[in-house]
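First the structure, in the form of C-alpha cells, and then the observations on it.
Please treat every number below as a calculation from the coordinates, not as lab data. Computed from a predicted structure; not experimentally measured. Here Cβ is always computed from backbone atoms with ideal geometry, including for glycine, and neighbour counts include all displayed protein chains.
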Amino acid sequence: MRRRSRRVGRAGHRCETGFAFCASLAAAASCIFGMCPARGEITTLPSAFATAPVEGNKLDWGVSQEVGYDDNLYRSSVADAPRLPEDVVSRTSVGATASGSLQRQLVTFDVRVDDNQYRYHQGLDNISGLGKLTWAGLVGTRATAELSAELSRFLTSFVNSPFRGKDLISTADYGGSLRYELGPRWSIGAVGTLGRTYHSDEFRRDDDTKNRTGAVGIRYESRSANSIEWSLRHDQTDFSFAPLAAGNVGFDRTYAENAAHIAVKYALTDITQVSAQTGYVRRDYLAAPGRAYSGTVWRASVRWQPEGRMQLTMEGWRDLDAYIDSQSDYYIGQGVDAQLQWSLMHALTGSAVLSRETQTYVADALQRDLVAPRHDVVKVGQAQLTYASGRRLEIMSAYRFERRATTRPGYDYDDNSVSLRVTIKF
C-alpha cells in the first residue's frame, strides 16, 4: 500500500535538491505493499494485498557518478531574488542489492550511499542514502506474508519553507502484510505500517512526525487478470513537538484519517488497460475540528501499449495529499498527466512526462485567518534518455522544467534542471 503524505514534493522524488530525475528510494515505505503509482509522486488509494515471493538468489552492486545543474536551487520567487541561486551538484553513489531464497521464503536487501557535493552552496554538502530489508514467504498453502524495514536520509526540498539551511530528513518505516486466499478468485488482506520522520535542523523539528496506518480489504481477480478490490484504511499522525501557533490560537496538528475505497483494473484489449480507483476520505484534527476535511477522492488511468517499443499512459486524479516535510499543510490535489515511454533500439530508451496539478490547501500552518486560502498550480515537463550497454554500463541524461503559481506571496517560482549520470554495475 502507499502510505499517506509521503511526498517530497513536485520538485522531485525523494532526492537531493538540484537533481532532475533522481531515482526514488526504492519507492520507499509508501509503496511496500500492493499497487504503486507509476509516477511515484501522487498518493494513491492503498491496496491491502502483498505479492507472492519469487524464488531467486543474487548479489548485484555498482557505482555511479551524476552531475546536475539547477538554475533555481532554493525555488526562489523571481520577485524576491533578482539573481536566482543556481548550482552544480555532484553525486557519487555506491549501492548493492542482494536476495536469497530458501524453500518458500525470500529475503531481499537493498542499500545505497550517496556523497552529494554542491559547488556554490557548500553548506548543503551531505551524505544521503537508503537501506531496506524485506522478507516475504508463503504461510501454509493459502497465505502470503511480508515484513519490511527501511531507513532513509535525504536533503529536504525548499518548496514549502523559507528555511535555506541544510535540513536532512531521516525516515524509519516498518511494515507488514498478510494475504489469505479464500479460493481461486477471492482473497482477503491486511496491512500495517509504522513510520517516523525526523528533521536534522532544530528550526524544522516541529515537523517531526510519527505515523501509524492499518488497512483491510477483499479482492476478486478473474481468469483474465482483471480485478476489483474494496478496502478500509485508518491512519494517525502525531507531531513530536509542541503545537504550532496559527494566528493567535495554538494548533495541535495531530490528526486521524479514515478512508474507504474501491479499485478496478480491466483490460479493454490486449494493448489497452484501464485502472480506476475511487473512495471517501475523512481527516480530523483531534484538537482543531475546524480544520477537518471529508470528501471523495479518485484516480483513473489508461495505458496503451501498441507494441513492445512504446507505451502511452494518460492519468487523472483528485486526492488528499501533503509534502513529507510539511505534513500538516494538506491540500486537495487535482491533476492530469501524460507519460510516453519508448525504445529507439535495444540499448536506447526514452521517456517524457507532462503534468498539471492544482493544489487547494485545506490546512496551511502559515496561513492566518485574514489571508485567503492558499491555492497553487504546478506544471511539470520532463524528458529522459538512457543508454544501456549490456548489464554493466548505463548512461542517463535528463531535463526537467517546473513552474509553480501560488496565492502565497514569495512561493511562486520557475526551475530548470539537467543531469547526466553514468552507472557501472558489477
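When the Cα positions of Thr144, Ala260, Ile424 are compared along the charge dipole of segment 29-425, Thr144 comes out farthest toward the positive end, with charges on each C-beta of Lys, Arg, Asp and Glu. Under 20 Å of direct C-alpha separation, and excluding same-chain neighbours fewer than eight residues apart, Lys425 reaches these aspartates and glutamates: Asp60, Glu66, Asp110, Asp114, Asp115, Glu394.
Straight-line reach from Lys379: taking Cα to Cα under 18 Å and skipping same-chain neighbours fewer than 8 places apart, the aspartates and glutamates in range are Glu41, Asp70, Asp71, Glu315, Asp319, Asp321, Asp337, Glu357, Glu402, Asp412, Asp414, Asp415.
For segment 183-197, 3J(HN,Hα) computed residue by residue from phi via the Karplus equation (6.51, -1.76, 1.60; θ = phi - 60°) reads x, x, 10, 10, 8, 10, x, 9, 9, x, 9, 9, x, 10, 10 Hz, glycine and proline entered as x. Each part reduced to its alpha carbon centroid, segment 126-204 and segment 283-342 end up 19 Å apart.
Placing unit charges on the Cβ atoms of the charged side chains and taking the dipole of segment 29-425 about its Cα centre, the candidate lying farthest along the positive direction among Gln384, Tyr74, Val216 is Val216.
Computed from backbone phi, the HN-Hα couplings of segment 215-226 come to 8, 9, x, 9, 9, 10, 10, 7, 4, 8, 6, 6 Hz, rounded to whole numbers (Karplus: 6.51 cos²θ - 1.76 cosθ + 1.60, θ = phi - 60°; Gly and Pro given as x). Evaluating 6.51 cos²θ - 1.76 cosθ + 1.60 at θ = phi - 60° for every residue in segment 331-345, the Karplus couplings come out as 8, 8, x, 10, x, 9, 8, 10, 10, 10, 10, 8, 10, 6, 7 Hz, glycine and proline recorded as x.
Just how large is the dipole of segment 29-425 about the Cα centre, in debye to the nearest 20, putting +1 at every Lys and Arg Cβ and -1 at every Asp and Glu Cβ?
Working: 44 positive and 47 negative charges, 194 e Å.
Approximately 920 debye in magnitude.
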